[in-house]
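First comes the structure, then the notes that go with it.
The values are calculated or read from the model by the stated rules, or taken from the named source; none is laboratory data. What you see is a predicted model, and the numbers here were worked out from it, not measured in a lab. Don't worry about glycine lacking a Cβ; one is built from the backbone with ideal geometry, like all the others, and counts go over all protein chains shown. Just the protein is used for accessible areas: all its heavy atoms, side chains included, with ligands, DNA and RNA removed. Shrake-Rupley method; radii C 1.70, N 1.55, O 1.52, S 1.80 Å.
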Amino acid sequence: MLETPALKDLLAKPKQIVITTHHKPDGDAMGSSLGLYNYLIQKGHHVKVITPTDYPQFFDWMPGNGEVIIYTEQTAIANELINKAEIICCLDFNALGRINEMGEVVRQASAYKIMIDHHLEPEDFDDWRWWNINACASAQLVYEFIADVMQEPELINKDVASCLYTGIMTDSGSFRFPLTTSAVHRITANLIDAGANNARIHQLVYDNSSESRLRFLGFCLSSKLEVLPEYHTALISVTREELERYQIITGDTEGVVNFALSITGIKLAAFIVERSDKIKLSLRSRDDFPANEVCKKYFSGGGHRNAAGGSSTDSLEDVVKQFKSILPEYKKLLTQ
């Protein structure tokens, strides 16, 4: 791993750089990626952001979005860029399986690999790492990378600041999660001073729903919500047919699980949805309940203690039954 002076030297002259992030990118994934992109292009680097899959339309406004390449739509071009890259920056993920079929392409690439991430148990595929599980967002770490590691806070312009603010805002649950420390608030204050329009960004991300998305949310809460009071647990399960009925697109299901967790007394919430290839689970929890442990142990996933995800190739009905069947194992934690 390069020492900081050597890393600065590596980035001192224009390089061919690829930035990538996890599949189905969220606000932190896109905010950190485009924030770093807008910083690096100021230094004269030739930079491309490549996402493994598409992402929600309510991030399309972000500076640099028009230059993003979606791997599943432009695979050949993306592979060529990855193979020619001198540096690959891996943001908001720490295992190559999180970027789907791109993973092996990145693994085999000769580029110097930089990881900036805040998730548990990183895979050792990187050459240089800026990693902290106590960071509220990878966008926070990108800010620190620019301001503290590279010592170039003056390059955090309006475009960089707007992207990084988005990442921190979304991954901190609009600044309400426990990792939203005073240091995070100082960073976001600096981002606002640098030009991030906090009110406008919140509106673009959270007040930008289609009619079908809101009707789908109403359907989930009125017809699909199941509460298990004996385990302080709530779950919502949705079939593929129901997604199609409401014309759900990427991003429309984001945040649904949080409504289940918002019920008084609920400590664990699950959103279980039938996708075209497998069943996807999103878990959210309160206090010390290990949602990531449940996902890792039973659903081939992982994540943060209070926010995790997983998947299964079983049927939706069987996955729901399996999820309910493991609750007795955790009853003490759920009810204490």
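One table, with the values for the structure above:
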read-out	value
Test result for residue 230, open to solvent by 30 Å² or more (accessible area, probe 1.4 Å), within 24 Å of the chain's Cα centre (by Cα) and not polar (S, T, N, Q)	no
Given (1) at pLDDT below 95; (2) surrounded by 24 or more Cβ atoms within 10 Å (Cβ to Cβ), index of the condition residue 124 fails	(2)
Restricting the stretch 75-133 to residues that are in a strand (DSSP E or B) and of a type in the set (Val, Ile, Thr), the residue that is farthest from residue 292 (Cα to Cα)	87
Selection within the stretch 73-98 - more than 18 Å from the chain's Cα centre (by Cα) and open to solvent by 10 Å² or more (accessible area, probe 1.4 Å)	73, 74, 75, 76, 77, 79, 80, 81, 83, 84, 86
When residues of the stretch 195-225 are limited to those that are among the hydroxyl-bearing types (Ser, Thr, Tyr) and part of a helix (DSSP H, G or I), the one least open to solvent (accessible area, probe 1.4 Å)	212
Residues that are open to solvent by 60 Å² or more (accessible area, probe 1.4 Å), of a type outside the set (Val, Ile, Thr) and either under 22 Å from residue 36 (Cα atoms) or not in a helix (DSSP H, G or I) (or both), drawn from the stretch 176-194	176, 177, 178, 179, 185, 186, 190, 193
Residue among 156, 146, 114 that is touching a strand residue (DSSP E or B) at 6+ places or on another chain (Cβ under 7 Å) and either under 26 Å from residue 176 (Cα atoms) or not basic (Lys, Arg) (or both)	114
Options 49, 18; residue that is of a type outside the set (Asp, Glu), outside the structural domain of residue 308 (by the TED database) and closer than 30 Å to residue 248 by Cβ	49
